[in-house]
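Written out below as structure tokens is the structure these notes cover.
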Amino acid sequence: RCVDPWKLTDTCPKVPMFRLPKVEPRWVTREQAHVLLGRFPPHTRDMMLFALATGLRRSNVTGMEWTRIDMRRATAYVPGNEAKGRQAITVPLNADALAVLERWKGQHARYVFQFRQRAPIYQVTTRMWRRVCAEVGLQGVTFHTMRHSWASWQIQSETPLKMLQELGGWATLEMPLR
């Protein structure tokens with residue numbers, strides 16, 4: 001796979017291409033999430049709760065701007081250039097997400113979430129996050145686990161797969177099927 005196009009020789013070494021084992025996506029139960037929510041500081045707790053309520057990725061939660069929130073219509077908007085699939089996502093906001101937004105309203109002019117007057121927050125799965133997760137027996141839980149948990153909870157609530165695909169911003173049905 002590393003052939004130099006200008007040298008027409010076959011002297012490149014053979015590089016083995018190893019297959020990685022498929023890993024089941026990790027998710028937490030509602031009870032486990034509730035335990036974690038009680039242990040995190042307010043800014044982390046609210047970002048986690050917002051992710052569990054919306055299914056958004058970490059970068060979309062930490063970079064959420066107030067101009068993309070419509071409290072009256074209970075929706076949030078992720079523009080295509082900030083979405084992983086490059087397609088804009090309109091996210092319905094439930095009561096939990098709206099309550100989080102009410103708590104953060106007026107604290108920062110541009111971004112929803114901040115920590116020590118810094119926004120956007122770039123890193124959420126910090127040493128503190130890993131310590132708290134280990135204390136409650138949930139090693140390996142990352143912020144992205146909240147997205148998997150949201151999708152799992154949606155399936156358990158019998159949300160149709162096609163609707164889940166649209167809500168999660170997935171290009172194909174393969175991802176929500178996982």
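The values are calculated or read from the model by the stated rules, or taken from the named source; none is laboratory data. Everything numeric in this text was worked out from a predicted model, so none of it was measured. Cβ placement follows ideal geometry from the backbone for every residue including glycine, while neighbour counts extend to all protein chains displayed. In case anyone asks, the SASA skips ligands and DNA or RNA and just uses the protein heavy atoms, side chains included. Shrake-Rupley method; radii C 1.70, N 1.55, O 1.52, S 1.80 Å.
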Review point. Restricting attention to the stretch 108-145, which residues are of a type in the set (Phe, Trp, Tyr) and out of contact with any Lys or Arg (no Cβ under 8 Å at 6 or more places or on another chain)?
Key: Tyr111, Phe113, Phe115, Tyr122, Trp129
Exercise for review: List every residue pair whose Cβ atoms sit under 8 Å apart, with the two residues 6 or more apart in sequence or on different chains, where the first one lies in the stretch 69-90 and is free of Cβ contacts under 8 Å to residues at least 60 places away in the same chain and at positive phi and the second, anywhere, is surrounded by 15 or more Cβ atoms within 10 Å (Cβ to Cβ) and part of a loop (DSSP other than H, G, I, E, B).
Suggested key: Ala74/Leu93
Point to revise | Qualifying residues in the stretch 84-113 (those that are aliphatic (A, V, I, L, M) and either under 12 Å from Gly169 (Cβ atoms) or in contact with a Ser or Thr (Cβ under 7 Å, 6 or more places away or on another chain) (or both)) - the one modelled with the lowest pLDDT | key: Ala88
Check your understanding: Regarding Gly63, is this residue without any contact (Cβ under 8 Å) to a residue 60 or more places away in the chain and over 22 Å from Arg45 (Cβ atoms)?
Key -> no
Practice item. Give the stretch 117-129 a look and list any residue that's closer than 16 Å to Arg45 by Cβ and either more than 18 Å from the chain's Cα centre (by Cα) or assigned to a helix (DSSP H, G or I) (or both), or say none. Key: Met128, Trp129
Check your understanding: Give me the pairs: first residue in the stretch 48-59 and closer than 15 Å to Leu36 by Cβ, second residue among the β-branched types (Val, Ile, Thr) and at pLDDT 90 or above, beta-carbon distance under 6 Å, and six or more apart or on different chains, which are they?
Key -> Leu49/Val100; Phe50/Val61; Phe50/Val100; Ala51/Val61
Practice item. For Ala109, state whether it is open to solvent by 40 Å² or more (accessible area, probe 1.4 Å) and not in a helix (DSSP H, G or I). Key: yes
Point to revise | Residue check for Arg86: charged (D, E, K, R), open to solvent by 90 Å² or more (accessible area, probe 1.4 Å) and part of a loop (DSSP other than H, G, I, E, B) | key: yes
**Study point:** Which listed residue, of Arg73, Arg45, is basic (Lys, Arg) and either farther than 30 Å from Leu177 by Cα or assigned to a helix (DSSP H, G or I) (or both)
**Key:** Arg45
Practice item. Take the stretch 60-83 and flag every residue that is hydroxyl-bearing (Ser, Thr, Tyr), open to solvent by 40 Å² or more (accessible area, probe 1.4 Å) and either more than 16 Å from the chain's Cα centre (by Cα) or modelled with pLDDT under 90 (or both). Key: Thr67
Check your understanding: Of all residues in the stretch 132-173, which are part of a loop (DSSP other than H, G, I, E, B) and either touching a residue at least 24 places away in the same chain (Cβ under 8 Å) or surrounded by 13 or more Cβ atoms within 10 Å (Cβ to Cβ) (or both)?
Key -> Val136, Leu138, Gly140, Val141, Thr142, Phe143, Thr159, Gly169, Trp170, Ala171
Review point. Is it true that Phe143 is touching a His at 6+ places or on another chain (Cβ under 8 Å) and under 17 Å from Thr62 (Cα atoms)?
Key: no
Point to revise | Every residue from the stretch 13-27 that is open to solvent by less than 100 Å² (accessible area, probe 1.4 Å) and over 20 Å from Leu177 (Cβ atoms) | key: Pro13, Val15, Pro16
